[in-house]
Amino acid sequence: MASRNWSQEDFVDAGVRFRDRWRLAGAALGQELHGFFDIVMAVDRDFKLSDADIEELRSVPDGQHGIVARMDMRFGKSPRTKHLESPYSVLLEIIEHGGSFSTEHGIIDIRDQSSIAVGGFMLRQA
């Protein structure tokens, strides 16, 4: 776990960083990113993590944390995306600070460590 408790503002700021990185990745890759998904699957379908990478991911808790950690690792290792800042790393920060997120209909909702919704952001340009 992280060493410092985040304020609601910290979670909102992280949500904004995620949104901005998501949009920048889409623009850099020439993709219109609707919804929430593994970007690498859309731009580099043949990319596979190494056995060592998969083994490293086994230490990450299951559920949302594990899913996001896998997408973050793929984003950081794919030749098509590794030069970009990973939007998934921001979601990992949120999770590691006790927060969470949910996605629906192109919107991501950020929740703080008390599960209070602190902000919602469009994943795509309106």
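Summary of values
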quantity	calculated
The range 77-126 versus the range 1-54: alpha-carbon centroid distance in Å	7 Å
Phi to ³J(HN,Hα) by Karplus 6.51 cos²θ - 1.76 cosθ + 1.60 over the range 4-11, Hz, x for Gly, Pro	10, 5, 8, 7, 4, 4, 4, 5
Heavy-atom accessible surface of the range 67-112: percent carbon and sulfur, 1.4 Å	48 percent
Over 13 Å [Cα-Cα, the range 65-106], rounded percent	55 percent
Longest exposed-site-free window of the chain, the sites being trypsin sites (Lys or Arg not before Pro) in a DSSP loop that have at most 10 other C-beta atoms within 10 Å	59-126
Positive-end residue of Ile67, Ser100, Ser50, charge dipole of the chain with Cβ unit charges	Ser50
Global form of the chain, assessed from the alpha-carbon gyration tensor, a/c cut-off 1.5	oblate
Within the range 19-126: Cβ-based charge dipole about Cα centre, in debye rounded to nearest 20 (Lys, Arg +1; Asp, Glu -1)	320 debye
Helical mean residue ellipticity (222 nm; -39500 (n - 2.57) per DSSP H run of 4+; nearest 500) of the chain	-14000 deg cm²/dmol
Potential extension, Glu85-Val16 segment - 0.36 nm per residue separation minus Cα distance	23.5 nm
Length gained when the stretch Asp109-Glu32 is fully extended (0.36 nm per residue, less Cα-Cα span)	25.7 nm
Once exposed loop GluC sites (Glu not before Pro) are cut out (DSSP; at most 16 other Cβ, 10 Å), longest piece of the chain	33-84
Accessible area per residue in Å² at 1.4 Å probe, computed on the chain	57 Å²
Extension reserve of the Arg4-Ser59 stretch, reckoned as 0.36 nm per residue once the Cα distance is removed	17.5 nm
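The values are calculated or read from the model by the stated rules, or taken from the named source; none is laboratory data. Nothing here was measured: the structure is a model prediction, and the numbers come from that model. When we count neighbours, we look across all protein chains shown, and the Cβ atoms used for this are built from the backbone with ideal geometry, even at glycine. Side chains are part of the model used for accessible areas, which takes the heavy atoms of the whole protein and leaves out ligands, DNA and RNA. Shrake-Rupley method; radii C 1.70, N 1.55, O 1.52, S 1.80 Å.
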